[in-house]
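Trainee: Questions regarding the structure given below will be posed in turn.
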Amino acid sequence: MELIELKKKLSKYKKSDIIITKHAELQAFIRNVDLEEVKENVINPVRLVYAKKQEAKYKKEEKYDCYFAYSKHLYHRYALTINRKIIIVTIIKINRDWQKAIG
């Protein structure tokens with residue numbers, strides 16, 4: 001149920017509401033991930049297949065570890081924080097069976 005609620009929540013945001021940290025930007029560059037694609041995945045979360053809520057530092061923020069599947073063996077993993085904006089903290093591109101990774 002948490003996944004459906006998160007998808008609804010994310011789809012209410014616009015690309016201009018997304019902040020990508022310097023760390024995430026560097027990780028995207030190293031892993032050859034397009035930042036526009038990341039933003040599109042977040043605001044249009046059709047590829048979001050798994051999300052695990054993490055402990056947040058502050059009361060009005062939520063943290064998630066999210067998996068966006070492209071195929072059985074290719075996925076993006078984003079660590080993101082939601083408060084008034086969406087802050088993408090980490091971007092990881094992984095080429096292996098994502099179903100085993102989240103299992």
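Trainee: Being in a loop (DSSP other than H, G, I, E, B) and open to solvent by 30 Å² or more (accessible area, probe 1.4 Å) is the filter here; which residues of the stretch 19-33 pass it?
Mentor: Passing the criteria: THR21, ARG31, ASN32.
Trainee: Here's a follow-up. Conditions: (1) open to solvent by 80 Å² or more (accessible area, probe 1.4 Å); (2) without any contact (Cβ under 8 Å) to a residue 12 or more places away in the chain; (3) not β-branched (Val, Ile, Thr). ARG47 meets all but one. Number of the miss?
Mentor: The one condition ARG47 does not meet is (2).
Trainee: While we're here: Pick from VAL49, VAL33: which is among the β-branched types (Val, Ile, Thr), touching a Leu at 6+ places or on another chain (Cβ under 9 Å) and more than 15 Å from ILE86 (Cα to Cα)?
Mentor: Unique residue meeting the criteria: VAL49.
Trainee: On the basis of being at pLDDT 95 or above and surrounded by 13 or more Cβ atoms within 10 Å (Cβ to Cβ), does LYS93 make the cut?
Mentor: Answer is no for this residue.
Trainee: In the set LYS57, LYS52, which member is in a strand (DSSP E or B), open to solvent by 40 Å² or more (accessible area, probe 1.4 Å) and of a type in the set (Lys, Arg)?
Mentor: Testing whether each residue is in a strand (DSSP E or B), open to solvent by 40 Å² or more (accessible area, probe 1.4 Å) and of a type in the set (Lys, Arg) leaves just LYS52.
The values are calculated or read from the model by the stated rules, or taken from the named source; none is laboratory data. Please read these numbers as outputs of a predicted model, since none were measured by experiment. We place every Cβ from the backbone using ideal geometry, glycine too, and count neighbours over all the protein chains shown. The protein model used for the area step is the full one, side chains on, heavy atoms only, and it has no ligands, DNA or RNA in it. Shrake-Rupley method; radii C 1.70, N 1.55, O 1.52, S 1.80 Å.
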